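Here's the structure, in structure tokens; my notes come after.
Values in this text are rule-based calculations from the coordinates and carry no lab data. Keep in mind that what you see is a predicted model, and the values were worked out from it rather than measured.
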Amino acid sequence: MADTTNINVRVDKELKRKAEAIFNELGFNMSTAVNMFLRHSIRYGGIPFDLRLDIPNEETLAAIDDVNNNRNMSKTFSSVKDLMDDLNA
């Protein structure tokens with residue numbers, strides 16, 4: 001067996017409870033889950049998931065501005081039949 005060491009990490013109590021419930025359902029404990037994360041990080045060569053700021057691109061910003069200012073909006077329909085009639089026209 002490999003020489004082991006302890007890691008102490010402070011987390012929110014509810015976060016820990018929810019994570020433990022998921023890991024237990026999957027058949028492993030918190031220690032195994034953390035080891036899996038660390039091993040995957042080493043294999044991946046970094047954090048094994050995308051970390052980024054959620055900054056909308058110019059097209060999305062323009063669409064948000066259109067919605068906020070009620071511009072370039074699609075037609076509205078009072079029924080599915082009216083929508084389908086318009087689509088099939």
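Relative to the longest principal axis of the Cα atoms of the chain, helix 13-26 runs at roughly 80 degrees. By the helix-only formula, in which each DSSP H run with n ≥ 4 contributes -39500 (n - 2.57) and the sum is divided by residues, the chain has a 222 nm mean residue ellipticity of -16500 deg cm²/dmol.
Hey, what angle do you get for helix 58-68 against the long axis of the chain, alpha-carbon based, 0 to 90 degrees rounded to 10? Helix 58-68 sits roughly 60 degrees off the main axis of the chain.
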